[in-house]
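Presented below is the structure to which this report refers.
The values are calculated or read from the model by the stated rules, or taken from the named source; none is laboratory data. Here the structure is a predicted model, which means the values were calculated and not measured. In this analysis, Cβ positions are derived from the backbone assuming ideal geometry, glycine residues included, and neighbour counts consider all displayed protein chains.
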Amino acid sequence: MPVGESQAVAAGDPSEEGSAGFGLLLRETLETVILAVLIFLVIRSLVQNYRIEGQSMEPNFHHGQYLLVNKLAYRLGEYKRGDVIVFHYPNDPSQDYIKRVIGLPGDTVEIQEGVVFVNGLEVDEPYEQIPIARDISSQTVEPGFLYVLGDNRPSSSDTRTWGQLSQEFVIGKAWLAIWPVDTAGLVEHAAIELGPAMEPAQ
């Protein structure tokens, strides 16, 4: 018997194998891209990143700081006094603002010599804030609206200047500080305890 005799083995067309491999690669790439887009859309519907501009929330939040905003917070829960929220500015919805909730629907809010009063009770604000010297006359928060203030009162555009905030403009609740690193962590929402709000008469 001959030794080292080579044998011929039938093989497929190289061009067919190449096209099949390319098709498989293309399909897997498309599946990966579609999955990534779906994950992005799901995450985007739940969380949104936000960059703070300006000093209206000093000394608790700073210009250039990045936050993640929980967009489901008020679909699943209720607003509370002391919450830090991000919303579309009512006079120009292309701009986003960050402020603190001071008054809920039914609350009467006023400021006397820099001190905030809600429903006639002096508010002991459990977070740092920079007060204003002038008085702000009382007003009752309408159904579906919020009374919001910046923590840096002298440098904040808020309910005092452009009126009560419709809840329709709220994007969500500040959830997580992510940048710079030394400020990273969960956002604290120091509650203002005054008892339940009273809904205004219809």
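For segment 150-182, a residue qualifies if it is among the polar types (S, T, N, Q) and under 12 Å from Met57 (Cβ atoms), and the qualifying residues are Asn152, Ser155, Ser156, Ser157. The criterion of at least 1 residues that are at pLDDT 95 or above and of a type in the set (D, E, K, R) is met by the following strands (runs of 3 or more DSSP E) wholly inside segment 91-202: 96-103, 108-112, 170-179. All conditions in (1) surrounded by 14 or more Cβ atoms within 10 Å (Cβ to Cβ); (2) under 24 Å from Tyr66 (Cβ atoms); (3) within 19 Å of the chain's Cα centre (by Cα) hold for Ser155, with the sole exception of (3). Scanning segment 165-186 for residues that are under 19 Å from the mean Cα position of the chain (by Cα) and of a type outside the set (A, V, I, L, M, F, W, C) gives Ser166, Gln167, Glu168, Gly172, Lys173, Pro180, Thr183, Gly185. Only one of these is in contact with a Lys or Arg (Cβ under 6 Å, 6 or more places away or on another chain) and surrounded by fewer than 17 Cβ atoms within 10 Å (Cβ to Cβ): Pro143, Pro93, Pro131, Pro126. Name it. Just a single option satisfies the conditions, and that option is Pro131.
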